[in-house]
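Every read-out reported here was derived from the displayed coordinates using simple, explicitly stated rules and does not represent laboratory data. Computed from a prediction, not measured in an experiment: that's the story for all the values here. Positions of Cβ are backbone-derived with ideal geometry, glycine not excepted, and every protein chain shown enters the neighbour counts.
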Amino acid sequence: MALAEYRFSILRNILVAAIVVSVIIGGVFYLTGNVNPGSPASTTFTSSHTTSTLTSGSVFTIYLNQTSPNITSSESSSSRSHTNHTASSNNSAGSTVTVTVTATPTFYNQTLSTSQFSQDYCIGNFFTATDTSVPTSVNNTPGYFPTQSTPYGLAYASTSKELFVSNSESNTVSSISLQTNETTAIIPVGATPTGIVFDPQNNNVYVNNFCSNSTSVISVSTHKVISTIPVGRFPISLLYDPVNNYIYVANSASPMGNLVNGSLTIIDGRTNSVIGNIAIGGGPWGMAYDNFTNEIFVSDHADVSQQNSTVTVVNAVNNQVIKRVPIGPSLFDIAFDPTNNLVYTGTWTGSTVYVVNASSRSLVDNITVGNVLSGMAYDPRDGNVYATSVGDNAVYIISSTTNNVIKSIQTGTEPRTIIFVPLTQMMYFTAEGDNDISAIAAS
């Protein structure tokens, strides 16, 4: 189930009890545990997992991470990192990992009630341990790549010709070579990684950690995290500004109740330090950049009950809000068409793509597309716009000339982020429900 769907089915990931669940996904596993918010204040839970599903003789490292920085907890120091485990020769009784944690469920220094605890996505994904070994035998083919659990964001690094995908329920980023069609690394990051972007000026990839309130910086050359930057609350999407070499982080505010008081955090790509914040309000979700005017268009996800979601226009020169364009409820991703100077954004709760004129900063059209719209991307070859539909398990292609849907393509389960890759001249998208990435020929 997708991160963004917590409003509709959040209890899927929440077990309000002192239990631990072990999940196996191919040759990769992770452990998750939850604590009871009632008395006593602290709860201890233990879990063991036998790595019987790994390839015989493979060596791997397991990391235990607390997924919410706002929860007070303590744990056995021996369970922080487990290194150099080797799967048994008969591949049926491998190394056993035992995790013991004592945790006190508090949130921003406030004791949680049972109802608050059960509503919060991040506390539901409380602790994880992830195998970061690269699969030794994966039958990857051009245009199809299996990932770890719940792939969300997607970025293309032109310097290494790799795709980088955030695996939101595995707390990792996978890198995939488009030259060899193989997974090149699995990189542990923060809790619930979401949006991801590549900065070609410093050859780094940035990924938001939704439940850690941070952004991890990954060196494309080494496939290692070189910095972790504290940002705002519940960061979701990222945007690269090539003019100023800035990275913008959309902080969606809070997954508990209405999305309010959202902001953008500005990271200087030269120093990897925060240089400012911009108050947006609502729940900023997607971002698109107009390189002609140096303006940023921000879609507001807001709460599903609100009817006044906006597209906020930000001047990237002085980082001031220029205008808020009223649109419709629960906007999601956003894309910019530089040829026609139009901005496209879809709604999560309906079947409409809204079109904004970037010059007049006004709503000029709306297009009926699919249900539960998620990703949005512009095809620079022919000017078409692609929209992923989680509700229909499809990708819709919109002509920016006529603003009509010209084609629909059935996909895997829950297609999310979609991007155009110049190297292959294809559109790639993550399929959260299938734990993979697929490609379709650009129109």
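Counting only other residues whose beta carbon sits under 11 Å from that of residue 426, what net charge do I get with K and R as +1, D and E as -1?
Net local charge, residue 426 excluded: 0.
Need one number: the % of Cα-Cα pairs in segment 157-306 sitting beyond the 22 Å mark.
Summing the P(r) tail past 22 Å for segment 157-306 gives 37 percent.
Plugging the Kirkwood radius over Cα pairs into Stokes-Einstein for segment 144-441, at a temperature of 10 °C and a viscosity of 1.306 mPa s, what D comes out in µm²/s?
Diffusion coefficient, whole number: 85 µm²/s.
Rounded to whole Å and sorted largest first, list the principal axis extents of the Cα atoms in segment 288-443.
Projected onto the principal axes, the Cα atoms of segment 288-443 cover 40, 38, 28 Å.
Let me make sure I get this right: for segment 376-443, a, b and c are the square roots of the gyration tensor eigenvalues over alpha carbons, sorted descending. Under 1.5 in a/c it's rounded, otherwise prolate if a/b > b/c, else oblate. Which is it?
oblate
Multiplying the sequence separation of residue 201 and residue 271 by 0.36 nm and subtracting their Cα-Cα distance, what value in nm do you get?
So the chain would gain 24.0 nm between residue 201 and residue 271.
Between residue 261 and residue 425, what is the spin-label point distance in nm, taking each point 7 Å from the Cα along the Cα→C-beta axis?
5.1
Could you give the nm distance between label points at residue 222 and residue 293, where each point is 7 Å from its Cα heading toward the beta carbon?
A separation of 4.1 nm, rounded to one decimal place.
Report the local net charge at residue 362: Lys and Arg +1, Asp and Glu -1, summed over other residues whose C-beta lies under 13 Å from its C-beta.
+2
Counting only residues 5 or more places away or on other chains, whose amide H sits under 5 Å from the amide H of residue 350 once H atoms are built in the peptide plane?
Correct list: 372, 373.
If you stretched the chain out fully between residue 359 and residue 339, how much longer would it get, using 0.36 nm times the residue separation minus the C-alpha to C-alpha distance?
Gain on stretching residue 359 to residue 339: 6.0 nm.
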